[in-house]
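Below is one structure, written out as structure tokens, with a few remarks after it.
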Amino acid sequence: MIEIIHYEKDKHILHRPKIIDFMIRMDELFVPTLKSRNIDIPDYFSKMEEKGEIIFTFDNEDRILGACLFYCNDFVAQTAFGTWLCVLEEARHLGLGFLLICEALEICRKKSMKYFELQTWKTNEMVIQMYKKGFQAEIVKEFFESGRQTVRLRVTL
């Protein structure tokens, strides 16, 4: 059985270095990478510990398989924003990304959010289809960022 964990700093501090290491290893899959944007991943993780939400899953060997980071603190617009989602390549197609997002959306509902938004490249069909089919997401904005066509997706909670 796969367990999705909602990270709490005091309770899951032993997983902190493993999640940060996972993020550093997976950063190369993102365009642009956090590193190329001069974002220090341990500092980013610390910021998310204080201001955001972190959920993750791991295997029987305590190896991180996937993680999702998001903000759930815009109580005026009642909109949460997904900033980072990644699943280890060999663990893909197990539904972990879907399960991580399901848990994120549940956290958002409990915090009275009405929407969950994220950005991705328009060419990232796998992510766009997952959100459209699995969560009835709609494209609410298209624009160029870093020279690439980008879409903003919104899930109504």
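Being touching a Ser or Thr at 6+ places or on another chain (Cβ under 6 Å), surrounded by fewer than 19 Cβ atoms within 10 Å (Cβ to Cβ) and either over 19 Å from Ile54 (Cα atoms) or touching a residue at least 40 places away in the same chain (Cβ under 8 Å) (or both) is a description that does not apply to Phe135. Counting only residues that are in a strand (DSSP E or B) and either more than 16 Å from the chain's Cα centre (by Cα) or among the acidic types (Asp, Glu) (or both), how many does segment 114-145 have? So the count comes out to 9. Scanning segment 88-103 for residues that are modelled with pLDDT of 95 or more, assigned to a strand (DSSP E or B) and out of contact with any Ser or Thr (no Cβ under 7 Å at 6 or more places or on another chain) turns up nothing. Looking for something buried (at least 17 other Cβ atoms within 10 Å of the Cβ), of a type in the set (A, V, I, L, M, F, W, C) and out of contact with any Asp or Glu (no Cβ under 7 Å at 6 or more places or on another chain) - is there at least one such residue anywhere in segment 31-39? Checked against the condition, which is being buried (at least 17 other Cβ atoms within 10 Å of the Cβ), of a type in the set (A, V, I, L, M, F, W, C) and out of contact with any Asp or Glu (no Cβ under 7 Å at 6 or more places or on another chain), segment 31-39 yields no hits at all. Would you confirm whether any residue within segment 88-102 is among the aromatic types (Phe, Trp, Tyr) and surrounded by fewer than 18 Cβ atoms within 10 Å (Cβ to Cβ)? There is at least one residue in segment 88-102 that is among the aromatic types (Phe, Trp, Tyr) and surrounded by fewer than 18 Cβ atoms within 10 Å (Cβ to Cβ).
The values are calculated or read from the model by the stated rules, or taken from the named source; none is laboratory data. The shown structure was predicted, so the numbers you read here are calculated from the model rather than taken from an experiment. No Cβ is skipped: glycine too gets one built from the backbone with ideal geometry, and neighbour counts run over all protein chains shown.
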